[in-house]
Structures are given as structure tokens and as C-alpha cells.
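Below you'll find the structure, written out as C-alpha cells, and then a few comments.
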Amino acid sequence: MNRPSLTCTAGYQLNLDGDGCIDVDECESNSHECSTGSTCINEDGSYRCQDPIFCRPGTRPSENQRSCIDIDECEDPEVHQCGEGAQCVNVPGSFRCTCNRGYRRTLQNGRTHCEEINECALAAGERCTYRCENTPGSYTCVCPNGYNLVRFDGTCKDIDECASGSHNCSESETCFNTRGGFKCVEITCPEHYARLSNKRTPIVKCMRRNCNPSSCPQYMYRHMHFPLPTAYTLHEPQRMLRFRKSAWYDSLHVKIVRGNEAQRFGIISNGTIAFLTWNKPIVGYWSTILYLQVSEVSPRRGGRELKMVVVHIYVSQYNF
């Protein structure tokens with residue numbers, strides 16, 4: 001029995017088996033009527049002619065050639081060339097380079113470039129107590145050994161190695177903290193004096209024992225330390241230590257008896273309160289030991305009491 005013949009509509013043709021219709025690709029068979037310069041685009045059962053599409057700079061034809069779409073120049077560093085310290089921002093039909101924090105905009109050959117700012121050469125660098133180091137897009141303050149950086153204001157805070165236990169002083173030595181370091185000091189009490197010390201404070205006392213005042217006039221030797229920064233100028237004397245008269249004595253007298261040959265230090269007193277003062281500039285590193293004779297007198301009671309305050313002074317090489 002003969003099958004009825006199959007007829008395909010325009011734009012379709014019989015398949016090889018003759019039992020179905022398939023699309024005719026007019027573009028491939030060159031049976032289209034597109035004009036020169038147009039592009040033939042096959043469609044199901046037909047075709048269309050796409051005239052050339054012209055897109056403005058910064059855009060390109062879409063896949064179906066019917067519209068223009070934006071080119072994202074930021075995807076290709078070779079295209080935008082914003083460079084280090086910059087961010088590429090895509091905008092319709094173009095792009096722009098924006099500078100990151102710590103960079104400033106400059107023009108080179110008509111193009112935007114971002115130049116790194118050296119904050120250390122500006123006012124920001126003045127925040128650093130010791131030294132400013134420039135970094136890409138920023139800066140950092142650094143401190144010398146023996147100091148910790150206080151980040152919120154750029155200052156350097158001395159590390160107290162004696163209090164933290166990070167020193168290497170022996171059991172027989174006393175640890176005196178200095179600015180940026182520490183000193184291990186062997187303190188020996190004079191004959192007829194017994195040593196008293198408190199591990200919680202860097203103060204050593206030598207108390208008179210089994211010796212009468214005529215032979216041992218000082219009832220006590222008190223060792224302490226005072227760390228100082230370098231000072232290139234001093235506009236007025238700086239007070240260092242204060243001494244106050246005991247309630248049962250009438251007057252107080254303090255004098256420096258040794259260690260002040262250059263007259264860098266002095267005493268101011270009103271008979272009730274006395275101060276050890278720093279009077280002249282000192283550039284470190286430098287150290288000395290001051291011996292201060294402290295006497296309290298009571299004529300009404302017919303006597304006086306003497307003690308020797310030994311001040312170990314250490315001047316840092318830094319002015320902070």
C-alpha cells in the first residue's frame with residue numbers, strides 16, 4: 001500500500017527518509033537574498049538579514065548582533081592600566097581609575113595614575129615618637145629595642161624588664177629599670193649595716209646594726225634609681241625627687257655630697273620640703289651615682305637623724 005506523499009511548508013524540506021520535514025539553512029545553501037554587507041542569520045523555517053551594527057567606543061555588538069553591550073574594561077589590566085594603588089571602576093561605555101587610601105591622583109600622558117603618598121614626610125609622620133617608616137598606602141611608627149609602640153598615638157612606652165622578670169640579673173644583684181633597658185647592680189652595704197630589700201620594689205636599704213651613732217652617723221643608706229631621657233635643652237630645673245620633714249623633727253636639710261662634680265643637679269628646699277632637681281642638659285647614654293645627705297634636726301629634742309640616699313641615675317640615648 002502506497003503511503004500518501006508528504007509536503008513541507010516553505011523554509012523546510014524532506015529529510016533523507018522522506019518521513020519528516022527539516023529546516024532549510026538558507027544561509028549555508030546561499031539561497032538567501034541578503035544584500036552585500038549584511039549578515040545572513042538562519043532561523044527555524046526562515047532566515048533574516050542583519051545589517052552591520054556599529055557600536056560606540058566602550059561597547060560591542062551582542063551575540064545576536066541586535067544591540068550593543070558595555071565592555072567591562074576592568075576585567076583586563078592591560079586595557080585599563082590603572083596600576084598599583086588604584087581601583088578600576090567600570091562605567092557605561094568607559095571606566096575610571098580611583099586611588100586607594102594613601103595614594104593621590106596624578107596624570108601621566110593624559111591617563112590617571114595613583115602615586116603613593118609618603119606620610120612620613122608629612123604631618124602624619126610627626127606622630128611617631130621615634131621613627132616613621134613609609135609603607136605602600138600607609139605608614140607605621142617603630143620604636144627602638146626596649147620600648148613598646150602605643151599604636152593609637154605613635155608613642156614609645158618603656159618596657160620595665162625588672163617588673164616583668166625579663167632581665168638576667170643574678171640573685172645577688174638589684175635590677176634597676178632604665179629607659180630602653182635595665183641595669184644589674186651589685187649593692188654592698190657598709191660594715192655594721194644590714195641589708196633590707198623588698199623584691200616588689202627596686203629599693204635597697206642598709207640599716208645600722210650594732211654600731212653607735214658616733215661611729216656610724218648614718219642610720220640608713222637608701223639605694224634607689226632614677227631613669228632620665230636625653231635632654232638637649234632645659235629651660236628650667238626639673239624636679240626629680242621630693243623629701244619631706246618627719247612630723248617629730250623641726251627642719252629638713254638635704255645636700256649632695258658626691259657625684260655632682262659637673263653641677264648638673266641641685267637641691268631646692270624650704271626647710272620642710274626639699275627637691276632634687278635636674279639643672280643642666282645631658283645627652284645620653286650617661287650615668288652617675290649621687291650621694292644625698294639627708295638630715296632632720298630637732299633642737300628642742302637636742303638631736304638630729306642622718307641618712308644617706310644613694311640615687312643611681314641613668315640617662316637614655318633617646319629624648320623620650
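Residue-wise, which Karplus ³J(HN,Hα) couplings in Hz belong to segment 44-61, taking 6.51 cos²θ - 1.76 cosθ + 1.60, θ = phi - 60°, and x for glycine or proline?
These are the phi-based 3J(HN,Hα) values: 5, x, 6, 7, 9, 9, 9, 5, x, 9, 10, 9, 6, x, x, 9, 8, x Hz.
Among DSSP beta bridges whose residues both lie in segment 183-320, state the antiparallel percentage, nearest 5.
80
Rounded to two decimals, what is Rg over Rh for the chain when you use alpha-carbon atoms and the Kirkwood radius?
Reported Rg/Rh, Kirkwood definition of Rh: 1.55.
Can you list which of the trypsin sites (Lys or Arg not before Pro) found in segment 96-149 are DSSP loop residues with at most 10 other C-beta atoms within 10 Å?
Qualifying residues, ordered by number: Arg101.
In this model, which of Lys205/Lys255; Lys183/Lys255; Lys205/Lys280; Lys157/Lys205; Lys183/Lys205 are farther than 24 Å apart at the alpha-carbon? Display every interim value, and only then the final one.
Values: Lys205/Lys255 19 Å; Lys183/Lys255 26 Å; Lys205/Lys280 29 Å; Lys157/Lys205 29 Å; Lys183/Lys205 18 Å.
Violating the 24 Å Cα-Cα cut-off are Lys183/Lys255; Lys205/Lys280; Lys157/Lys205.
Hey, if you put +1 on the Cβ of every Lys and Arg and -1 on every Asp and Glu Cβ in the chain, which of Cys34, Cys162, Leu276 ends up farthest toward the positive end of that dipole?
Going by the Cα projections, it comes out as Leu276.
Report the gain in length on full extension from Gln65 to Ser5: 0.36 nm times residue separation, minus Cα-Cα distance, nm rounded to one decimal.
Contour length minus Cα-Cα distance gives 17.6 nm.
What is the antiparallel percent of DSSP beta bridges lying wholly in the chain, to the nearest 5?
If we restrict to bridges inside the chain, about 90 percent are antiparallel.
At most 15 other Cβ atoms within 10 Å and a DSSP loop assignment: could you name the GluC sites (Glu not before Pro) in segment 222-312 that fit?
Those that pass, being in a loop and sparsely packed, are Glu261.
Show me the ranking of peptides 60-68, 214-222 by mean Cβ neighbours inside 10 Å, starting with the highest.
Most protected by this proxy first, the peptides run 214-222, 60-68.
Between Arg104 and Val257, with labels modelled 7 Å along Cα→Cβ, what's the label distance in nm to one decimal, could you check?
The modelled label-to-label distance comes out at 6.4 nm.
Have a look at Thr7, Leu149, Gly83 and report the one farthest towards the positive end of the charge dipole of the chain, computed about the Cα centre with Cβ charges (Lys/Arg +1, Asp/Glu -1).
Leu149
Averaging sequence separations of C-alpha pairs under 8 Å and six or more residues apart, then dividing by the length of the chain, give the relative contact order as a whole percent. Please list the in-between numbers first.
Values: 636 pairs, mean separation 27.8, N = 320.
Worked out over the chain, it gives 9 percent.
List the GluC sites (Glu not before Pro) within segment 98-185 that fall in a DSSP loop (any state other than H, G, I, E or B) and whose Cβ has at most 10 other Cβ atoms within 10 Å.
Hits after loop and neighbour filter: Glu171.
Could you give the dipole magnitude of the chain about its Cα centre, charging the beta-carbon of Lys and Arg +1 and that of Asp and Glu -1, in debye to the nearest 20?
5140
By how many nm would the segment from Ser38 to Asp19 lengthen if fully extended, with 0.36 nm per residue of separation less the alpha-carbon distance?
Gain on stretching Ser38 to Asp19: 3.3 nm.
None of the figures in this text is laboratory data; all of them are computed from the coordinates on show. As the structure is a prediction and not an experimental result, all values here were calculated from the model. Using ideal geometry, Cβ is built from the backbone for each residue, glycine included, and neighbour counts are taken over all protein chains shown.
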